[in-house]
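The values are calculated or read from the model by the stated rules, or taken from the named source; none is laboratory data. Quick caveat: nothing in here was measured; it's all calculated off a predicted structure. Cβ placement follows ideal geometry from the backbone for every residue including glycine, while neighbour counts extend to all protein chains displayed. Surface accessibility is based on the protein's heavy atoms, side chains included, excluding ligands, DNA and RNA. Shrake-Rupley method; radii C 1.70, N 1.55, O 1.52, S 1.80 Å.
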Amino acid sequence: MDKDAKIYFLKSVQLLSSLGTEEFERVAQLAQHRQSSRYNFIFMHDEPADCLFLLVKGKVKTGAFSADGREVIKEILAPGAVFGDLVLSGETSRSEFAQALHDDVEYLVIRNDDFHSLMQGNPSLVISAMQHLAQRLQRAEERLAKLVLKDARERIIEFLVESAGREGRRVGYETLVKHYLTQQEIASLTGTSRQTVTSVFNDLKKSNLIYFNRNSILIRDLEKLA
């Protein structure tokens, strides 16, 4: 990834919207371009937290493992997302993991010290970082509210509706969503079990609300599903 391509991408990242031309050039020089294959961990729990990551291509999941080894997925990230971002709040040891979901995932790595140096010279970047962390906290609170207030079926259906809104290709009443998560990953993301996901999917299929296979989910009528 050459310098111009880096700058073009960096200008699309909301966190960096306050940077000027010279600052974008500086970040492009400092940022290291890396790639990761599917299911490779970009970082793990308890590793030193000394850098920030910007997702250029593919999808990445972040999460944690419970005491009994169960995976809990916090977020599925798309290009343009910032992750490993708790370093902005002073984290020194990773409290979560980040794992590539696609082959040839691409991302940029910025050392925490370099980012702090940028913030010292740009007060607007400090405000952007605070807003970014506030949005992250809001997403975490919304996720917690879903787990408390909605049952398993409702959470799984909401996952389908949100996926259709983000990534679906609509044709008439039907919406096609590329299926890149396993049912176990959907369960980990919605706070349910794989058996529950399978049961709900099969029930929705019998009701002719969805059709699914290994690679995609076809939502027959998004309004009826919602």
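Compared with the alpha-carbon gap, the fully stretched path from residue 23 to residue 93 is longer by 22.4 nm at 0.36 nm per residue. Computed over the stretch 122-226, relative contact order equals 26 percent, with contacts defined as Cα pairs under 8 Å that lie 6+ residues apart. List the residues of the stretch 7-39 whose backbone N lies under 20 Å from a point placed 7 Å from the Cα of residue 130 along the Cα-to-Cβ direction. 14-20, by backbone N distance to the label point. For residue 203 and residue 71, the difference between the fully extended length at 0.36 nm per residue and the C-alpha to C-alpha distance is 45.0 nm. Could you compute the net charge surrounding residue 16? Neighbours are other residues with a C-beta less than 14 Å from the C-beta of residue 16; K and R count +1, D and E count -1. Taking every Cβ under 14 Å from that of residue 16, the sum is -2. Counting only protein heavy atoms and a probe of 1.4 Å, the accessible surface of the chain is 49% carbon and sulfur. Overall, the stretch 1-146 carries a charge dipole of about 400 debye about its Cα centre when +1 sits on the Cβ of Lys and Arg and -1 on the Cβ of Asp and Glu, all other atoms neutral. A value for Cα extents along the principal axes in Å was derived from the coordinates, and within the list [x] 50, 36, 35; [y] 68, 38, 30; [z] 58, 42, 31 it appears as [z]. Which entries in the list 59/206; 6/61; 6/74; 11/59 go over 24 Å, if you measure between the two C-alpha atoms of each? Cα-Cα > 24 Å for 59/206; 6/74; rest within.
With both labels modelled 7 Å from their Cα along Cα-to-Cβ, the residue 40 to residue 119 distance reads 2.9 nm.
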